[in-house]
Amino acid sequence: MSDLNLKEAVTRFRTEPGLYLKVMLGVENPEDWQLSVMNDVAAGERRISVRSGRRVGKTALLDWLSLWYPMTRPDARVLVTAPSSAQLEDAFIPGFRTWSQKLPPEVFELWHMTSDRFVFQLDERQGFENFVTVRTARADSPESLQGVNARNVLVLVDEAAGVPDVSFEAVSGSLATGRDVGGESSMVLTGNPN
């Protein structure tokens with residue numbers, strides 16, 4: 001895929017996440033609810049909640065959103081959080097790495113990964129940094145969720161019922177930033193019904 005074709009594709013993928021899943025990750029048949037959530041984010045929905053059973057694909061959805069969002073928007077940040085580091089380290093991060101390796105090689109090479117931060121750079125000269133950051137939501141340090149500011153911000157909260165209210169307050173500033181500068185901001189909450 002040439003640079004020009006990739007840039008054209010990325011523009012199209014922004015509003016067509018199902019096409020992104022098929023072309024970039026080889027996902028032919030996502031669950032209807034997964035595609036619905038991605039389409040809601042693409043349409044600019046501010047708050048989306050997913051309540052479902054265990055092992056139905058919530059973590060895969062978070063992985064897909066984390067790859068798709070920064071690849072399809074300039075100046076984009078994705079904050080992924082959960083109430084325990086184990087949820088992030090044992091489920092989200094390995095899933096993200098697995099799904100990213102399904103990208104075409106020339107696209108995978110545009111991702112630079114450390115243990116808890118994944119940076120996507122489409123153009124060496126771009127004047128912004130698109131990245132995914134992973135942080136645990138803890139009541140004793142809500143400030144760790146602050147400071148994710150950009151024109152486009154996506155907050156993904158796994159096991160949302162276990163996240164303290166003070167953490168949601170801390171992340172609210174990041175959600176406001178995108179809208180304040182003409183961008184987008186969305187929050188997707190996932191979890192199991194109690």
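The values are calculated or read from the model by the stated rules, or taken from the named source; none is laboratory data. This is a predicted model, so every value here is computed, not measured. Here the Cβ is made from the backbone with ideal geometry for all residues, glycine too, and neighbour counts use every protein chain on show. Surface areas here come from the heavy atoms of the whole protein model, side chains and all, with no ligands, DNA or RNA. Shrake-Rupley method; radii C 1.70, N 1.55, O 1.52, S 1.80 Å.
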Between 0 and 90°, nearest 10: helix 165-180 axis offset from the chain longest Cα axis: 30 degrees
Residue-normalised accessible area of the chain, given per residue in Å² at a 1.4 Å probe: 47 Å²
Extended-chain gain in nm, criterion 0.36 nm per residue less alpha-carbon gap, residue 166 and residue 129: 10.6 nm
Tensor-based shape of segment 16-132 (alpha-carbon gyration tensor, a/c under 1.5 rounded, otherwise prolate or oblate): rounded
The chain, relative contact order [Cα under 8 Å, separation at least 6], %: 26 percent
In order through segment 150-160: 3J(HN,Hα) via Karplus (6.51 cos²θ - 1.76 cosθ + 1.60), integer Hz, x for Gly, Pro: 6, 5, 10, 10, 10, 10, 10, 10, 8, 6, 4
Coil-residue GluC sites (Glu not before Pro) of segment 78-156, DSSP, other Cβ within 10 Å capped at 12: 109, 124
Using a Förster distance of 30 Å, the FRET efficiency for residue 8-residue 119 (Cβ separation, nearest 0.05): 0.85
Nearby lysines by direct alpha-carbon distance to residue 58 (threshold 22 angstrom, same-chain neighbours under 8 apart not counted): 22, 102
Mean residue ellipticity (222 nm) of the chain, computed from DSSP H runs ≥ 4 via -39,500 (n - 2.57), nearest 500: -10500 deg cm²/dmol
Accessible-area order (highest first, 1.4 angstrom probe) of the listed residues 15, 72: 15, 72
Taking segment 11-108 and dividing mean pair separation by its residue count, relative contact order in percent (alpha carbons under 8 Å, at least six apart): 32 percent
